[in-house]
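A single structure is presented below for examination.
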Ligand code: FAD
């Protein structure tokens, strides 16, 4: 029997991040997955990042994870979304070459010390006195460990739908994970059913690109990883086309044949990633929807038509796709489909992603009701770090909403649960002015270094960057301008006689660093990328100061820990409904209790009084 510190089940985006993180932390780690060759496969769209999601990738990278590095290596088109808006809501996105992405992930895992990859199906858990102590594989082999992380994605009792045709599968071409799903059910974990879908894949050689609009990447591509500065491979453009009234008529006429509208699917789908059938029904007045034609690789003719995922039968898919401009003669390489799968209600988890009632078992990724590679990867990292800490008997780490999108997501999941597949948006973060994609390293690399998941090499680069930022900041603070001097440089300020530092002037949205450098030549010592970062920091400095009061209030409440087994039912003065909600979500801090749906300040006061009594 083999023994490891940490076992990770599943080689998707959560699993690879979890295994790499645990191994970086020094834990002897095994990654058990159905097919080693499929490690890092992108089940759906060949793209990483976007709004909110790009923030998560930057945070994974700041903690020295896999996803940002792999996306940079595989990126064939980089775009910074919302470029015209403020940096707080800008999201880096890259379209990836599928094969290169897998290769990059697999190369990073192979190069990582302490990490063993085992091909096999986990079918059962080893349980010692109520604690999960390993897994049993399909061939009967037993592997023991201090902690197990389950990241089985869409595979638990996965059911693929194309029209009225159903087949079992974890995704197209992969078998589902059924014995483990049954085992989880028998353990009494709260299970639900969700669904997601994917569009048909097209043969790019049969698309009439000449008549279509083309969308190139950015002229100055922005990388995901803080340690990379330029793309690794050739860059390509996407095509843009649109559905039309004929497309919509075909879909409308055949709605009852779609798995979704024909009543074959019970799971709830992602509202923000609707199928084309959903769009036609929900936005009935729209006569056209945009479709991005995204190449799946540099040496691969496959094209992913982003925006038309479907569960309609194959003949209808062919008809509606060919009604779209530029796709009149297109060949479909793989039909679109919907997939339904089991998920576990994430309110059963601690913020470390360990199950409250099953110590030693952590869950991460789509199994927790999320959707998306980035959400999965970020959870994997949290579970990997915490499982490694637990294996060596160290205190867990909890990521706060104040310092990361990772913290926002985990807190949302464990306190509110999900009613549909959860995806990240910038609007979910109340402190989004400080939680920017550009400063993820400033927020998290130090924390990661202290935890032990950040390499010496990255820590050195980070230390150099931080001292350059500090030196730059002090130059900007010492360069002072009177209102007259500022006006002379074209900077409009109140003529109030007050001197302002160059840093303060940079907080004006229309002030450029170059204007200040012309007036104060000593600022030329600041490297351009450091100056850009300081300008972003300056832009939000005043707002962030105001946000700090609120952040401190949350911090105070986060410091009030609610002990395990706290009897919410015994709280006098709370309605039965609120008592029930608190008992179900088992908040672990007063701050988390405050975020449970419907909890009022008065209810919090009651909990606080009880906590004080118990001190
Ligand atoms: P996965 O990437 O699914 O990986 C699961 C891994 O677990 C696999 O390696 C599998 O082999 C392994 N595994 C499972 N069971 C076992 C077992 N018992 N033993 C050993 N190994 C096991 N995301 C979006 O953001 N937008 C979309 O529109 C979208 N559409 C999708 C459409 C489809 C059809 C599918 C399948 C997925 C879609 N996704 C979409 C979701 C995206 O693919 C997932 O969010 C992401 O891959 C989840 O990562 P994960 O690591 O949790 O799981």
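Values quoted throughout were computed directly from the atomic coordinates according to the rules given, and no laboratory measurement underlies them. Just so you know, these numbers come straight off a predicted model, no measurement behind them. So basically every Cβ, Gly included, is an ideal-geometry build from the backbone, and we count neighbours across all protein chains shown.
If you rank 402, 282 by fewest surrounding Cβ atoms within 10 Å, what's the result?
Working: 402 22, 282 10.
Neighbour counts put them in this order, fewest first: 282, 402.
Provide Rg and Dmax in Å for the chain, with only Cα atoms included in the calculation.
When restricted to the Cα atoms of the chain, Rg and Dmax are 25.6, 80 Å.
In what sequence do 312, 363, 590 fall when counting other Cβ within 10 Å, fewest first? Don't skip to the answer; put the middle values down first.
On the way: 312 32, 363 27, 590 19.
Going from least to most buried by this count: 590, 363, 312.
When a/c reaches 1.5 or more, the comparison of a/b and b/c decides; with that in mind, is the stretch 554-615 rounded, prolate or oblate per its Cα gyration tensor?
Numbers: a/c = 1.41, a/b = 1.21, b/c = 1.16.
Rounded shape, in that the Cα axes give a/c under 1.5.
While we're looking at this one, here's another question. On full extension of the chain, what length is gained from residue 166 through residue 331, given 0.36 nm per residue of separation minus the C-alpha to C-alpha distance?
Numbers: separation 165, 0.36 × 165 = 59.40 nm, distance 2.31 nm.
Additional length available on full extension: 57.1 nm.
Please say if the stretch 223-275 is rounded, prolate or oblate, where rounded means a/c under 1.5 for a ≥ b ≥ c the square roots of the C-alpha gyration tensor eigenvalues, and otherwise the choice is prolate for a/b larger than b/c and oblate otherwise?
On the way: a/c = 4.66, a/b = 1.96, b/c = 2.38.
Because a/c hits 1.5 or more and a/b fails to exceed b/c, the stretch 223-275 counts as oblate.
Measuring from centroid to centroid over Cα atoms, what is the spacing of the stretch 168-205 and the stretch 540-571 in Å?
Spelled out, the Cα-based centre of one part sits 37 Å from the other.
To continue, here is another question. Please figure out what share of the DSSP beta bridges in the stretch 1-120 is antiparallel and state it in percent, rounded to the nearest 5. Intermediate values should be presented prior to the final figure.
On the way: 9 of 18 bridges.
If I count the DSSP bridges inside the stretch 1-120, around 50 percent turn out antiparallel.
Hey, can you rank 217-227, 52-62, 339-349, 461-471 by average C-beta count inside 10 Å, highest first?
Values: 217-227: 17.1, 52-62: 29.4, 339-349: 23.5, 461-471: 14.6.
Peptide ranking by packing, descending: 52-62, 339-349, 217-227, 461-471.
Note down the relative contact order for the stretch 19-171 as a percent, whole number, built from C-alpha pairs under 8 angstrom at least six residues apart.
Numbers: 247 pairs, mean separation 35.2, N = 153.
Taking the mean separation of contacting Cα pairs over the length of the stretch 19-171, I get 23 percent.
If you don't mind, there's one more thing I want to ask. Which peptide among 9-17, 128-136, 548-556 comes first, and what is the full order, when sorted by highest mean count of other Cβ atoms within 10 Å? It would help to have the intermediate numbers written out before the result.
Details: 9-17: 30.6, 128-136: 17.1, 548-556: 13.0.
The most tightly packed comes first, giving 9-17, 128-136, 548-556.
Using per-residue counts of other Cβ atoms within 10 Å, averaged over each peptide, order 116-125, 517-526, 40-49 from highest down. It would help to have the intermediate numbers written out before the result.
Details: 116-125: 18.4, 517-526: 15.0, 40-49: 23.0.
In descending order of packing, they fall as 40-49, 116-125, 517-526.
Can you tell me, using C-alpha contacts under 8 Å and at least 6 residues apart, the relative contact order of the stretch 267-417 as a whole percent?
Relative contact order comes out at 16 percent.
Per the helix-only calculation at 222 nm, which mean residue ellipticity applies to the chain, given -39500 (n - 2.57) for every DSSP H run of n ≥ 4 and division by its residues, nearest 500 deg cm²/dmol?
Details: 19 runs with 222 residues, N = 615.
Value at 222 nm, helices only, nearest 500: -11000 deg cm²/dmol.
So how far apart, in nm, are the two label points at residue 553 and residue 541 if each is 7 Å from Cα heading toward Cβ?
Label-label distance for residue 553 and residue 541, simple model: 2.6 nm.
Is the shape of the stretch 550-590 rounded, prolate or oblate, going by the alpha carbon gyration tensor and its root eigenvalues a ≥ b ≥ c, with a/c under 1.5 for rounded and a/b larger than b/c for prolate?
Numbers: a/c = 2.50, a/b = 1.86, b/c = 1.34.
Prolate is the answer for the stretch 550-590, as a/c is 1.5 or above and a/b outweighs b/c.
Here is a follow-up. For an R0 of 51 angstrom, estimate the FRET efficiency from the Cβ-Cβ distance between residue 219 and residue 3 and round to the nearest 0.05. Please report the intermediate quantities before stating the final value.
Values: r = 53 Å, r/R0 = 1.03.
The calculated FRET efficiency here is 0.45.
Now a separate question. Give the relative contact order (percent, whole number) for the chain; include only Cα pairs under 8 Å separated by 6+ residues. Numbers along the way, then the final one.
Working: 1336 pairs, mean separation 105.6, N = 615.
Reported as a whole number, the value is 17 percent.
Please report how far the C-alpha centroid of the stretch 102-151 lies from that of the stretch 283-327, rounded to the nearest whole angstrom.
Taking the Cα centre of each part, the stretch 102-151 and the stretch 283-327 sit 38 Å apart.
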